[in-house]
Amino acid sequence: MEDEELRCVGCGAVIQTTDPNGLGFVPASALKKAVDNDEDVYCKRCFRLRHYNEISPVSLTDDDFRSLLSQIQDTDALIVYVVDIFDFNGSLIPGLHRFVGANPILMVGNKSDLLPSSFKRSKLTDWIRQQANKNGIRPIGIELVSAKTNDSVDHLLEVIDKKRKGRDVYVVGVTNVGKSTLINQIIRQSTGIKELITTSRFPGTTLDKIEIPLADGKQIIDTPGIIHAQQMAHYLNGRDLKIVAPQKQIKPRSYQLNPEQTLFFAGVARFDYLHGDKKYGFTAYVENNLFVHRTKLANADSFYANHLGDLLTPPSGEDLKHFPELVRHEFKTTEKSDLVIEGLGWITVPAGVIVAGWAPKQVAVLIRRSMI
């Protein structure tokens, strides 16, 4: 059976029955049962993930992931590059232009269902294009979708079919941007099969490329996600990530702050109003259930040190031992702006103030023109 190189339907790993700790492991009895009954074969890792939401460590290295992606440059294909609109910098694939060669790139901003209703989507599309250009990416188009709710996926499929011009389609993205969930929606619409590819909020679910046939003989190829250390998700377990990363449409929360006041976003981020002429209103767009605590700037450092892991949680449990220090990023605004903490959300601030955003080391904090 193993000579036929069976692959896990969920993650693409080669099925094996000899190493319980290795990728693609299936107990021999379970494999025989699945083959005898002509059933889909899921490795032990995917089975545990699907039924118990438990993740196992991935033994593939970043170099292994990149070597798979590097095969794309020798193809003639459309590249669908999926990014998280709440974590653009954390969604960047270093050296993407080397992986894709001369192939055109269609960028897809995922998780649009989380945006507040007042958000200007045209401004977001323009901003994504600007950020892509700064990183050497020249997309032929930008689409906003929600893989989770299936919003605008029909339109995306129409755009893909038009722009691929009879070619294969490679779907690429770093971990945790919802790429496999989007692929699942595509499969569901084209074949009626639900949850074919294992999905999880944990990094590193898809371990090898998975090929989905198209009607004209071409394929949509789902590639493994590259684990990116600049993601907030990289530092949190699945339970805490549900608390930090937005799960439903964001409801704005407004705070009247005097200069030298601080907002803590649980223990994962911090916002300081450093200097301004007067008391101003600041609006936070973060996960609706995330704990936000206001304090004086003068007390902020000691408050964080004394309450991280209890009042200021997440992070919690084992994550506390490995959670990186918060790094300060200061900005002076000349117009109404959004201070963005990647993977968390943003705080809308008025013009003419000096503010600072704090995030775990390597997680990006940036300023942009307000989109509301």
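Among HIS329, HIS228, HIS155, which one shows the biggest mean-square fluctuation in a GNM of the chain, springs joining Cα atoms closer than 10 Å?
HIS155
Rounded to the nearest 20 debye, what is the charge dipole size of the stretch 54-155 about its Cα centre when +1 sits on each Lys and Arg Cβ and -1 on each Asp and Glu Cβ?
Its charge dipole is roughly 560 debye.
So who's got an amide H within less than 5 Å of the one on VAL353, skipping anything under 5 residues away but keeping other chains? H placed 1.01 Å off N, in plane.
For VAL353, the qualifying residues are THR333.
Could you go through the stretch 71-82 in sequence order and give the Karplus-derived ³J(HN,Hα) for each residue, using 6.51 cos²θ - 1.76 cosθ + 1.60 with θ = phi - 60°, rounded to whole Hz, and x for Gly and Pro?
Computed from phi, the couplings for the stretch 71-82 are 5, 5, 5, 8, 9, 10, 8, 8, 9, 9, 9, 8 Hz.
Sorted by average packing, counted as other Cβ atoms within 10 angstrom per residue and highest first, what order do 332-341, 248-257 take?
The most tightly packed comes first, giving 332-341, 248-257.
Can you give me the three principal axis dimensions of the chain from its C-alpha atoms, in Å, biggest first?
Its Cα atoms span 72, 45, 33 Å along the three principal axes.
Compute, for the chain, the length of the dipole vector about the Cα centre, with Cβ point charges of +1 (Lys, Arg) and -1 (Asp, Glu) only. Units Debye, rounded to 20.
Details: 45 positive and 44 negative charges, 320 e Å.
My answer is approximately 1540 debye.
May I ask you to derive the FRET efficiency for THR149 and ARG368 from their Cβ-Cβ distance with R0 = 35 Å, giving the value to the nearest 0.05?
Calculated transfer efficiency: 0.90.
Around LEU214, which amide H atoms from residues at least 5 apart in sequence, or from another chain, sit under 5 Å from its own amide H, with H modelled in the peptide plane?
GLN219, ILE220
Using R₀ = 30 Å, calculate the FRET efficiency as 1/(1 + (r/R₀)^6) where r is the Cβ-Cβ separation of GLU158 and GLU211; round to 0.05. If you can, show how the numbers build up before the last one.
Details: r = 22 Å, r/R0 = 0.72.
Efficiency at R0 = 30 Å is approximately 0.90.
Using the Karplus curve 6.51 cos²θ - 1.76 cosθ + 1.60 with θ = phi - 60°, work out ³J(HN,Hα) for each residue of the stretch 343-354 in order, rounded to whole Hz, and write x for Gly and Pro.
x, 10, x, 8, 10, 7, 10, x, 6, x, 10, 10
Measure off 7 Å from each Cα along the Cα-to-Cβ vector at ASN258 and GLU325, then give the distance between these two points in nanometres to one decimal.
Each label point lies 7 Å from its Cα, and together they span 3.0 nm.
With a ≥ b ≥ c taken as the square roots of the eigenvalues of the C-alpha gyration tensor of the stretch 62-228, please select rounded if a/c is under 1.5 and otherwise prolate if a/b is larger than b/c or oblate if it is not?
rounded
State the extension gain, in nm to one decimal, for the chain segment bounded by ALA298 and HIS51, taking 0.36 nm per residue of separation less the distance between their alpha-carbons.
Value of the extension gain: 84.2 nm.
Projected area of the stretch 2-52, taken from the Cα convex hull and averaged over every viewing direction, in nm²? Spell out each step's value before the answer.
Working: hull surface 13.3 nm².
Value for the stretch 2-52: 3.3 nm².
Read-outs: derived from the displayed coordinates by stated rules, not from any lab. All of these numbers come straight from a predicted model, not from anything done at the bench. Neighbour counts are summed over all protein chains in view; Cβ atoms, including those assigned to glycine, are modelled from backbone coordinates with ideal geometry.
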